[in-house]
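All remarks here apply to the structure that follows.
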Amino acid sequence: MPPIRHTTLPIPAASGDGMSAAGRVRRVAVLPGDGVGAEVGAGPVELLEAIGGAGRIELTGPWPVGASAFGELGTGLPADTLAACDACDAMFFGAAGEHPGVSLDDYRPEHSIIGLRQRYDLRVSIRNIVRADRNTNDGGTPAAAERNPTGDRDAAPTSGGTTTSGGAADRPLIVLRNLLGGAYGAASTRTESDGTDAACDEVILTPEQIAELAEMACDLVEQGLASSIVSADKANLMATSRLWRLITGRVAETRGVPLRHTYIDRMAFELAHDDVVADTVVLTEGIFGDMLSDLAAGRAGSIALCGSASVNPGPPVQGRCVGLFEPVHGSAPRHTGKGKVNPSGAYLALAALLEWFPDTAKLGPPVTAALSEALQTGPLTYDLAPAGTEPAGTASFAAAVNARALPRLKELL
């Protein structure tokens, strides 16, 4: 496993209430994972080290996980890694994917992510997507040498509320969805087929599940991370979507947060045509959000412009861990070791990690702002660089982000 550039620390023993003069010290386990995971994570980890130097975060790792761990240790989730994650508040994950010498029959890349989600009840997904608007060709579509392989449609807001002002251009588009329940139900909700009988996937959503997601979307607006919510459903067809529309509207009205209902197909159209403003929360059911977030990232220019947080909004169920933060892209095996992959998704994952905890929340926006500036000024990595220009490497782009982020962070530490 390629080393990630930070000092390996032992698992810290619990001491008192874990409080420092500035608030609780958050423990973060670094899991580089497979392929380019260590490369894209190196720059963000440097920022975590700086925050750790101010006594706000304790880093542990790097810990082996995924197909690379399976190839070396015979398991994708080693016991030491799980113990380290149990002892931490959050996991900073690089990438899950293929590893030389490990076939898909031996170990599937998604098993490590799914295992961690299940262990810590990470039932909600929050994906952040930014843009690189300066790099467009004559047709207005982001230029890239290669793309990632890997009726009531416009109803008025159901509630009022005060929107945030200033800094909207630096805020990402947020897609918030469930990772458990709905179309992502347990195996008991699925009937498989060998090709001779019907197959069935049962979609079940409870009012409580929907309300939890709607409350989280309202929290994002009230925290100044977005100005409004767009709730996307298929209420003209599905009973679960009609319940979704009822509950989300009720929660937003009670909270006084702006919310607009739309159908999922209209939402896809708006994302594809840039009709959704950047500082918006798209609130939707799990499988809808899975597709919409990839669509939004593709329209923005690259899947590397999307960061992901899988979180448990309730009390921890195993140790103290409540979140896994990662770029959305995979391990990019054909680019591993070449130092060319865009690390933007890892920076967005870092910002989401910091914003998730109240005592580090103010440290997230400076990271996003620094990333936005680097994307606007360039030079950019191969997936975004205009034709005929020399692309930046992973390390040089990360250095440009960090040069902007570190002064901002130091003012707050």
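Laboratory data are not the source of any read-out in this text; all were calculated from the coordinates shown. Since the model is a prediction, treat every value here as computed from it, not as a measurement. Note that each Cβ is placed from the backbone with ideal geometry, even for glycine, and that neighbours are counted across all protein chains shown.
Kindly state, to the nearest 0.05, the FRET efficiency for residue 266 paired with residue 83, given R0 = 35 Å and r defined as their beta-carbon distance.
Values: r = 47 Å, r/R0 = 1.34.
So the FRET efficiency works out to roughly 0.15.
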| query | Which aspartates and glutamates does residue 410 reach when only Cα atoms under 16 Å apart count, and residues fewer than 8 places away in its own chain are ignored? | reply | 46, 49, 359
| Label point distance in nm, residue 49-residue 338, each placed 7 Å from Cα along Cα→Cβ | 2.7
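Of the peptides 46-52, 279-285, 32-38, how do they stack up when ordered by the mean number of other Cβ atoms within 10 Å, highest first?
Ranking, from highest mean packing down: 32-38, 279-285, 46-52.
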| note | Two pseudo-spin positions, 7 Å from Cα along C-beta at residue 412 and at residue 73, lie apart in nanometres by 3.3
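Arranged by the count of other C-beta atoms within 10 angstrom, fewest first, what order do 381, 196, 191, 60 take?
Numbers: 381 26, 196 5, 191 12, 60 20.
Ranked by crowding around the Cβ, least crowded first: 196, 191, 60, 381.
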